[in-house]
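**Q** A single structure is presented below for examination.
The values are calculated or read from the model by the stated rules, or taken from the named source; none is laboratory data. Everything quoted here is computed from the prediction, not taken from an experiment. Quick note on the areas: whole protein, heavy atoms, side chains included, nothing else; ligands and nucleic acids left out. Shrake-Rupley method; radii C 1.70, N 1.55, O 1.52, S 1.80 Å.
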Amino acid sequence: AQSVTQPDIHITVSEGASLELRCNYSYGATPYLFWYVQSPGQGLQLLLKYFSGDTLVQGIKGFEAEFKRSQSSFNLRKPSVHWSDAAEYFCAVGPRFSGGYNKLIFGAGTRLAVHP
Amino acid sequence: DAMVIQNPRYQVTQFGKPVTLSCSQTLNHNVMYWYQQKSSQAPKLLFHYYDKDFNNEADTPDNFQSRRPNTSFCFLDIRSPGLGDAAMYLCATSSVQGVRGTEAFFGQGTRLTVV
């Protein structure tokens, strides 16, 4: 079955500390990979995506993610967290060879809290 | 700016009273999606339109319908809302380019409350 696992439901870090949010997926073939961020009561904003090429991808707001095929993982990282990064983060996968449809499968999300 | 706009942002409806949520886009994307996100859960795809072709997910209840009168607009109709349909409804769009697609662009969502 196709699924996305985000093992950490809640994470709390201090402002200025580094961050890593984990994401593992189960899929028939290598999918497209995404990280989205959602602030309370808001829609989803794309942080970054992996389609092909360099397995370390840079995104907005200083985030990066590394695709590891052997581990079926796509972990999100940020070297120094800001208080404004407090939000919910969703990892998602989408089919690569379905005519471009973006039928995303989301993980359950990781809620990030940032201590001042 | 090109974007995906959902109206209204907040909708309160009565149990069993039909309700329609609206989504419009200025991106000229050919695929539009509706996701349901219940409190503290991941978004779940309900259906999508590829141009005018409607594609329903297998587990989407019959209570949910959708219309896409043109490229720019897509509507979500809930025929008889139940308390369990209270959720955030997210509209998204993407563009098909050959065998690849762009990422999905999401609207701000409509928070539906059923009373």
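**Q** Over chain B, calculate the relative contact order: mean separation of alpha carbon pairs under 8 Å at least 6 apart, over the residue count, as a percent.
**A** Relative CO of chain B lands at 37 percent.
**Q** Average the reciprocal distances over every distinct pair of alpha-carbons in the protein assembly as shown, invert the result, and give the Kirkwood radius in Å.
**A** This gives a value of 18.2 Å.
**Q** Name the aspartates and glutamates eligible as straight-distance cross-link partners of B:K38: C-alpha to C-alpha under 20 Å, and not fewer than 8 places from it in the same chain.
**A** A:D8, A:E88, B:E57, B:D59, B:D62, B:D77, B:D85
**Q** For Cα pairs less than 8 Å apart in space and 6+ apart in sequence, what is the mean separation divided by the residue count of chain A, i.e. the relative contact order in percent?
**A** Across chain A, relative contact order equals 36 percent.
**Q** Report, to two decimal places, the Cα Rg of chain B normalised by 2.2 N^0.38 Å (N = number of residues).
**A** Values: Rg = 13.6 Å, N = 115, 2.2 N^0.38 = 13.4 Å.
Its radius of gyration relative to the 2.2 N^0.38 Å reference: 1.02.
**Q** Continuing with the same structure: As a test, work out the antiparallel percent of DSSP beta bridges whose residues both lie in the stretch B:4-114, rounded to the nearest 5.
**A** Around 90 percent of the beta bridges assigned by DSSP in the stretch B:4-114 are antiparallel ones.
**Q** Am I reading the B/A interface right? What is its buried accessible area, both sides, 1.4 Å probe, to the nearest 100 Å²?
**A** In total, chains B and A hide about 2000 Å² from solvent.
**Q** Around A:C23, which amide H atoms from residues at least 5 apart in sequence, or from another chain, sit under 5 Å from its own amide H, with H modelled in the peptide plane?
**A** A:F74, A:N75, A:L76
**Q** With every atom except the alpha carbons ignored, what do you get for Rg and Dmax of the stretch A:2-111, in angstroms?
**A** Values for the stretch A:2-111 (Cα only, Rg and Dmax): 13.3, 43 Å.
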